[in-house]
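Accompanying notes for the structure given below.
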Amino acid sequence: MTDRPVRTRYAPSPTGNPHVGNIRSALFSWAFARARGGQFVLRIEDTDRNRYVEGAVEAIMESLRWLGIDWDEGPDIGGPHGPYFQSERLPRYREAAELLMERGRAYRCFCTPERLDALRASQAAAKQPPGYDGLCLRIDPAESAARAKDEPHVIRFAMEREGVTVLHDVVRGEVVFENALQDDFVMLKSDGFPTYHLAVVVDDTAMAISHCIRGDEWISSAPKHIQLYEALGWEQPAWAHLPLILGPDHKKLSKRSGDTALLDYRERGYLPEAMLNFLAFLGWSLDDHTTIISAEELTRHFDLARVVPNPAVFDIERLNYLNGHYIRAMDEERWVRLVAEWADRGLPASIPRPLDEAVVRAAAPLLRERVTLLEEIPGLIAFLFTYDAPEYETALLAERVGDAATAVRVLDEALVRLDAIGESEWTTAAVEAALRGLEEPLGMKLRKFIPVLYVAVMGRPTGIPLFDSAAILGRERTLARLRAARARLG
RNA sequence: GGCGCAUUCGUCUAGUGGCCUAGGACACCGCCCUCUCAAGGCGGAGAUCAGGGGUUCGAAUCCCCUAUGCGCUACCA
């Protein structure tokens, strides 16, 4: 079962933007294949024409690429087991269905959706377990074939009803299912498309998938797949059902329990390595202390044996921490590029483009320790790109020092000292020296009065370091802002 | 309702009979550092291992029962 070469796959349906839970499954499948020197396949399960969403395939590939998950075979690059769209593999499913009919393990069902609905309703009313009642199973094969010519029908799999079906799961061990409780599920729909159950078995076999790694929501249908493998006489892959990822409400992560599309996180300024690191430890661990891991290390050490069985809550705080960590860890050039990109994207249109590269470059190192999400960048440096300080409440000037009179003294003294610095000597060090010199005459610590100047210069009492900011702004703009603040106080 | 899975600090987890008076990380609190805010350093609080029975010299680790949570129960995946 596991002595085959390792081949795993990620097989999403193109029904929208992939969610983080889904991508986590892709990540584990990929990491496992890479760790074992195997292959990773991307297959698109587009068997439900009603739920197909335009652009979803592109979004799936974009999501994987963003995290650096690469595939060896797939819809875009082809491969020896193509095609990789299930909608293009219809004959294979029909072939399998027919083989099963010949073997007496499948039958046509002519029941209408209405009858099925009514059946379910009456079963529910009678507190009976829902399931097909086998009406069409009793139709004579000859009659069935005749009716099939012009009557819409599906093909159902005849589940074994005696005994039990045992799932040997890599993460959960042995799971036993009572066959008497099973249902003759539809495997080929009336439109000729297969349902997931048939398609996954046919394709995983055709594509030589060695490990079926998927979310835990699939575990209840595992007996369907196992019986299909047995009826077809094919070798099962090793099974691994991954724990679900829960939202803050402790329910399976979905649209209603918060935003979950992977790419949304990119838009908000999360780094791919932070997301990958975060996802890697949702349901898996390397050892008793590692919390930071790179894609390279993950693909070297990942092992299904260390996947835990219990569901994990998606903790955004942890993701935020990791994002900050990777921002601080990246090399200087990349950081400058990111600052430029996000500033350009988020700064008001009133600021002329292209943005002053020297300012961006000077501000970048000041931003590094203060940014958690890239989207915070514009707000922190907008004041560097305008002549005047951003709008602010005048009262803010005096807030930290207690009273307006003190704020006035601070501004007056600062103006005198700063004004004494010549245009050519205007540097961070000079500004710092001048302002530190204020402690004496003002009779208070720098930390006590400096918030006044922060507000005057950047419109807020907090932000990137003031001395550097003043240096970047230049003598004229800095003095103008201090004078403007002084004027506000009368 | 039925079936299935799960249950260690608020959260992610370590732990496979003695190394556990349960370790790490995020978040939280305090101190230090400090031009604000952060970042960083140091320290703290936080889990009677869901509850109850067993087995054993000894259990978070093995067995049984209960509770709770979640998942599935479609011609969706």
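Before moving on, here are some points about what is shown:
- A:Leu99 passes every criterion in (1) touching a helix residue (DSSP H, G or I) at 6+ places or on another chain (Cβ under 8 Å); (2) in contact (Cβ under 8 Å) with a residue 24 or more places away in the chain; (3) of a type outside the set (Ser, Thr, Tyr); (4) within 12 Å of RNA strand B (Cβ to nearest atom) apart from (4).
- Residue list for the stretch A:294-306, filter: more than 21 Å from the chain's Cα centre (by Cα) and away from RNA strand B (no atom under 14 Å from the Cβ): A:Arg300
- Matching residues, the stretch A:477-490, being more than 19 Å from A:Glu399 (Cα to Cα) and in contact with a helix residue (DSSP H, G or I) (Cβ under 8 Å, 6 or more places away or on another chain): A:Thr478, A:Leu479
- Residue in the stretch A:19-52 that is surrounded by the most Cβ atoms within 10 Å (Cβ to Cβ), counting only those that are in contact with a strand residue (DSSP E or B) (Cβ under 7 Å, 6 or more places away or on another chain) and in a loop (DSSP other than H, G, I, E, B): A:Arg43
- Filter pass, A:Ser254 being within 8 Å of RNA strand B (Cβ to nearest atom), surrounded by fewer than 21 Cβ atoms within 10 Å (Cβ to Cβ), touching a residue at least 40 places away in the same chain (Cβ under 8 Å) and of a type outside the set (Phe, Trp, Tyr): yes
- Boolean, A:Arg409 is touching a residue at least 60 places away in the same chain (Cβ under 8 Å) and touching a Pro at 6+ places or on another chain (Cβ under 9 Å): no
- Enumeration of residues in the stretch A:302-324 that are of a type outside the set (S, T, N, Q), without any contact (Cβ under 8 Å) to a residue 60 or more places away in the chain and touching a helix residue (DSSP H, G or I) at 6+ places or on another chain (Cβ under 7 Å): A:Arg318, A:Leu319, A:Leu322
- Filtering the stretch A:322-348 to residues that are within 15 Å of RNA strand B (Cβ to nearest atom) and in a loop (DSSP other than H, G, I, E, B) leaves only A:Met330.
- Of the residues making up the stretch A:241-255, none is closer than 25 Å to A:Val307 by Cβ, touching a helix residue (DSSP H, G or I) at 6+ places or on another chain (Cβ under 8 Å) and hydroxyl-bearing (Ser, Thr, Tyr).
- Residues of the stretch A:99-115 that are surrounded by fewer than 16 Cβ atoms within 10 Å (Cβ to Cβ) and assigned to a helix (DSSP H, G or I): A:Leu99, A:Glu102, A:Pro113, A:Glu114, A:Arg115.
- Cβ separations smaller than 6 Å between residues 6+ apart or across chains give the following pairs from the stretch A:67-94 residues that are crowded, with 17+ Cβ neighbours inside 10 Å to residues that are hydroxyl-bearing (Ser, Thr, Tyr): A:Gly74/A:Tyr84; A:Pro75/A:Tyr84; A:Gln86/A:Thr47.
- Pairs are defined by a Cβ separation below 8 Å, a sequence spacing of at least 6 or placement on different chains, a first member in the stretch A:282-296 that is over 17 Å from A:Tyr321 (Cβ atoms), and a second member that is more than 8 Å from RNA strand B (Cβ to nearest atom) and of a type in the set (Lys, Arg); the pairs so defined are A:Gly283/A:Arg24.
- Of all residues in the stretch A:34-57, those satisfying the criterion of being closer than 14 Å to A:Thr299 by Cα and either free of Cβ contacts under 8 Å to residues at least 40 places away in the same chain or within 14 Å of RNA strand B (Cβ to nearest atom) (or both) are A:Arg36, A:Gly37, A:Gln39, A:Phe40.
- Every residue from the stretch A:124-155 that is near RNA strand B (Cβ under 9 Å from one of its atoms) and surrounded by 15 or more Cβ atoms within 10 Å (Cβ to Cβ): A:Gly131, A:Tyr132, A:His153, A:Val154
- Subset of the stretch A:307-347 that is within 15 Å of A:Ile381 (Cα to Cα) and β-branched (Val, Ile, Thr) - its residue that is farthest from the chain's Cα centre (by Cα): A:Val336
- Odd one out for A:Ala407, checked against (1) within 15 Å of RNA strand B (Cβ to nearest atom); (2) over 13 Å from A:Arg486 (Cβ atoms); (3) of a type in the set (Gly, Ala, Ser): (2)
- Within the stretch A:307-321, the residues that satisfy the criterion of being closer than 21 Å to A:Asp287 by Cβ and within 6 Å of RNA strand B (Cβ to nearest atom) are A:Val308, A:Pro309, A:Asn310, A:Ala312, A:Asp315, A:Arg318, A:Tyr321.
- Entry remark, the stretch A:445-474: residues being crowded, with 16+ Cβ neighbours inside 10 Å and either out of contact with any helix residue (DSSP H, G or I) (no Cβ under 9 Å at 6 or more places or on another chain) or over 19 Å from A:Arg361 (Cα atoms) (or both) number 13 in total.
- Restricting the stretch A:426-467 to residues that are within 10 Å of RNA strand B (Cβ to nearest atom) and aromatic (Phe, Trp, Tyr), the residue that is farthest from A:Val401 (Cα to Cα): A:Phe467
- Being within 16 Å of RNA strand B (Cβ to nearest atom) and not in a strand (DSSP E or B) is not true of A:Asp3.
- Here A:Ala280 meets the list (1) small (Gly, Ala, Ser); (2) loosely packed, with under 13 Cβ neighbours inside 10 Å; (3) within 30 Å of A:Ala56 (Cα to Cα) almost entirely, failing just condition (2).
- Annotation: of all residues in the stretch A:169-223 being within 9 Å of RNA strand B (Cβ to nearest atom) and of a type in the set (Lys, Arg), the one that is farthest from A:Gly38 (Cα to Cα) is A:Lys189.
FYI, it's all coordinate maths here, none of it is from the lab. If you're wondering where the values come from, they're calculated on a predicted model, not measured in any experiment. Using ideal geometry, Cβ is built from the backbone for each residue, glycine included, and neighbour counts are taken over all protein chains shown.
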